[in-house]
Each structure stands twice: as structure tokens, then as C-alpha cells.
Amino acid sequence: MKTRQFDIISIFPRMFESPFGESILKRAQDQGLLNINLHDLREYTLDKHRKTDDYPFGGGVGLIMNVDPIVRAVEAVKEVRPGARSILLSPGGKAFNQKMAWEFSREENLIFVCGRYEGVDERVLNFVDDAISIGDYVMAGGEIPAMVLIEAISRLIPNVVGDESSLLEESFEGNRLEYPQYTRPREFRGLKVPEILFSGHHKKIQDWQLKEALKKTTKIRPDLLHKKVRQND
């Protein structure tokens, strides 16, 4: 299997160094399962001030990211990685979910474009393949959303997570949240672990887990019960 390539375009590439230098993502890079490449958007500007934003036409508050350096950056990466899928992180994009994570995990090359300030020039959408949002709220930029996508996607790449069977029982798989889980101590401040988990009867435990998962989903995220979330075919 080829090493998966993640290319990130940002005006703050150093923001990614610490999060990607720890835990699962660091091990995956050390093992050659994935490679994360950082690109400073300012390197793709043509003016001496390395300017990446300007005032919006028609008035309005804030600054808008220029279309030309973003497009030059995306095209430069695609020259090296033909066929790479490009993703703009934007609050105006499609809502990210586990189904998308499975879909993106099958791509060999992904490009993440991180917007900043008030947003990006709308014409950028003509030069990327997807616009993705991580939720119905606004952040200062696309850097943290890009981190969210990369971690969610990477976990689904073969061999990144040690026990891959655990992926199938997590929240959002099978249209429901994950069942409650417990570990030592058996009792803490009067709160006891359910006795069924000590029964040794695997079928009864599985039935209990399914029942509790559905109960939890109905209470917290009933919308999931009406969605087809998992895509692992």
C-alpha cells in the first residue's frame, strides 16, 4: 500500500507541528503509513508583502482571502500529486461526518486548504473538489478543522489503529452512539459498574450493549437513527 499523502495549505503552517508530532499520527508517520506536508500559502503570493487577503468588494467587515495564491498553491501541489482531492475547510461547506471520513480514507492524496479572516473569495470553490465544515459554528480559521479531518480520516487507514475491529463499534458506526464503557475501579463514590459486564455471558453482554447504545442515541442524538452513516463496503 502506498503512503497516504496529506498536504495542508495555510498561512500558519507551524500550528500543525505539535498536534501531528504526538500519539497515533506520529506513529503512523514513523511507520510510513501517511505523510503530512505543510505549505505556507504566503510562498505562493507574487507581491513583496506576501499579501494573502484584501477588503471585500461591495463593502463589509473583515478581510477576504485572495483567490490567486490559493489556486496557485493547490495547482502546485497537484503537479506533484496528480489526481489529489482538494478540500476547502469552510463553515459554508458540507457537514463532515463518519461516512465522509470513510470515503476520504480511501483517497491516496488529499489537499486541505485552510481559510482565515472573514472567509475566502467565492471563486476558490471553482478550483477545489469539496468544501467541508466541522459544525454549525465559526472558527478563526481552517487549521483546527483540518486537524479534525486528518485525525478522523487517518484512524480509518489500515494499520494506523492497532485493533481495527474496535473501529466498527465506535460512535456513529451503525447509525448510533457507542454503548457506555467502564473500567476499574468497580465502584467509585457509590457509582457501580453494571453487573451484567461481569457475567461472562457474551451474548447477554452484547444485547445489553446494543440496548444501551440505542437508549443513549435516542436520548442524545435521535437524528442519527434516521441516517445512513456507516460506509465501509
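The values are calculated or read from the model by the stated rules, or taken from the named source; none is laboratory data. Every value quoted in this text rests on a predicted model; they were computed, and no experiment measured them. Glycine also receives a Cβ, built like all others from the backbone with ideal geometry; neighbour counts cover every protein chain displayed.
Taking the condition of being surrounded by fewer than 20 Cβ atoms within 10 Å (Cβ to Cβ) and touching a residue at least 60 places away in the same chain (Cβ under 8 Å), how many residues in region 114-126 meet it?
Of the residues in region 114-126, the ones surrounded by fewer than 20 Cβ atoms within 10 Å (Cβ to Cβ) are 117-119, 121-123, 125-126.
Keeping just the survivors that are touching a residue at least 60 places away in the same chain (Cβ under 8 Å) gives 117-118.
The qualifying residues number 2.
Condition check ((1) at pLDDT below 95; (2) closer than 12 Å to Leu177 by Cα; (3) among the aliphatic types (A, V, I, L, M); (4) not in a helix (DSSP H, G or I)) across all residues:
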{"residue": "Ile196", "(1), (2), (3), (4)": "no, no, yes, no"}
{"residue": "Gly200", "(1), (2), (3), (4)": "no, no, no, yes"}
{"residue": "Lys203", "(1), (2), (3), (4)": "no, no, no, no"}
{"residue": "Trp208", "(1), (2), (3), (4)": "no, no, no, no"}
{"residue": "Lys211", "(1), (2), (3), (4)": "no, yes, no, no"}
{"residue": "Lys215", "(1), (2), (3), (4)": "no, yes, no, no"}
{"residue": "Lys219", "(1), (2), (3), (4)": "no, yes, no, no"}
{"residue": "Leu225", "(1), (2), (3), (4)": "yes, yes, yes, no"}
{"residue": "Asn232", "(1), (2), (3), (4)": "yes, no, no, yes"}
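Can you tell me how many residues in region 23-42 are assigned to a helix (DSSP H, G or I), touching a strand residue (DSSP E or B) at 6+ places or on another chain (Cβ under 9 Å) and among the aliphatic types (A, V, I, L, M)?
In the first step, residues of region 23-42 are kept if they are assigned to a helix (DSSP H, G or I); the result is 23-30, 41-42.
Narrowing further to those that are touching a strand residue (DSSP E or B) at 6+ places or on another chain (Cβ under 9 Å): 25, 28-29, 41.
Then drop every residue that is not among the aliphatic types (A, V, I, L, M), which leaves 25, 28, 41.
Looking only at that region, the number is 3.
Go through region 1-22 residue by residue and tally those that are over 15 Å from Ile153 (Cα atoms), outside any strand (DSSP E or B) and hydroxyl-bearing (Ser, Thr, Tyr).
Going through region 1-22 one residue at a time, the tally reaches 1.
Here are Ser90, Ser86: which of them is among the polar types (S, T, N, Q) and in contact with a helix residue (DSSP H, G or I) (Cβ under 8 Å, 6 or more places away or on another chain)? Working first, answer last.
Details: Ser90 fails: in contact with a helix residue (DSSP H, G or I) (Cβ under 8 Å, 6 or more places away or on another chain).
Step by step, each of Ser90, Ser86 is checked, and only Ser86 is among the polar types (S, T, N, Q) and in contact with a helix residue (DSSP H, G or I) (Cβ under 8 Å, 6 or more places away or on another chain).
Is it the case that region 51-62 has a residue that's free of Cβ contacts under 8 Å to residues at least 12 places away in the same chain, surrounded by 14 or more Cβ atoms within 10 Å (Cβ to Cβ) and not assigned by TED's automatic domain parsing to the domain that holds Glu178?
Kept after step one, since they are free of Cβ contacts under 8 Å to residues at least 12 places away in the same chain, are these residues of region 51-62: 55, 57-59.
Narrowing further to those that are surrounded by 14 or more Cβ atoms within 10 Å (Cβ to Cβ): none.
Among the residues of region 51-62, not one is free of Cβ contacts under 8 Å to residues at least 12 places away in the same chain, surrounded by 14 or more Cβ atoms within 10 Å (Cβ to Cβ) and not assigned by TED's automatic domain parsing to the domain that holds Glu178, which makes the answer no.
Give the residue, chosen from Val148, Val128, that is under 16 Å from the mean Cα position of the chain (by Cα), of a type in the set (Val, Ile, Thr) and modelled with pLDDT of 95 or more.
On the way: Val128 fails: under 16 Å from the mean Cα position of the chain (by Cα).
Just a single option satisfies the conditions, and that option is Val148.
Taking Leu156 as the residue in question, decide whether it is in a strand (DSSP E or B), in contact with a Ser or Thr (Cβ under 9 Å, 6 or more places away or on another chain) and either of a type outside the set (Ser, Thr, Tyr) or surrounded by 15 or more Cβ atoms within 10 Å (Cβ to Cβ) (or both).
Values: in a strand (DSSP E or B): no; in contact with a Ser or Thr (Cβ under 9 Å, 6 or more places away or on another chain): yes; either of a type outside the set (Ser, Thr, Tyr) or surrounded by 15 or more Cβ atoms within 10 Å (Cβ to Cβ) (or both): yes.
So Leu156 fails the test.
Mind listing whichever residues of region 8-27 are in contact (Cβ under 8 Å) with a residue 60 or more places away in the chain and polar (S, T, N, Q)?
Of everything in region 8-27, just one residue is in contact (Cβ under 8 Å) with a residue 60 or more places away in the chain and polar (S, T, N, Q), namely Ser10.
Is at least one residue of region 72-85 out of contact with any Leu (no Cβ under 9 Å at 6 or more places or on another chain), surrounded by 11 or more Cβ atoms within 10 Å (Cβ to Cβ), in a strand (DSSP E or B) and not hydrophobic (A, V, I, L, M, F, W, C)?
No, region 72-85 contains no residue that is out of contact with any Leu (no Cβ under 9 Å at 6 or more places or on another chain), surrounded by 11 or more Cβ atoms within 10 Å (Cβ to Cβ), in a strand (DSSP E or B) and not hydrophobic (A, V, I, L, M, F, W, C).
For region 20-49, which positions are over 18 Å from Glu75 (Cα atoms) and basic (Lys, Arg)?
Kept after step one, since they are over 18 Å from Glu75 (Cα atoms), are these residues of region 20-49: 20-35, 47-49.
Passing the criteria: Lys26, Arg27, Lys48.
Of everything in region 98-113, what is without any contact (Cβ under 8 Å) to a residue 40 or more places away in the chain and of a type in the set (D, E, K, R)? Give them in sequence order. I'd like the intermediate steps shown before the answer.
Of the residues in region 98-113, the ones without any contact (Cβ under 8 Å) to a residue 40 or more places away in the chain are 100, 106.
Answer for region 98-113, where residues must be without any contact (Cβ under 8 Å) to a residue 40 or more places away in the chain and of a type in the set (D, E, K, R): just Arg106.
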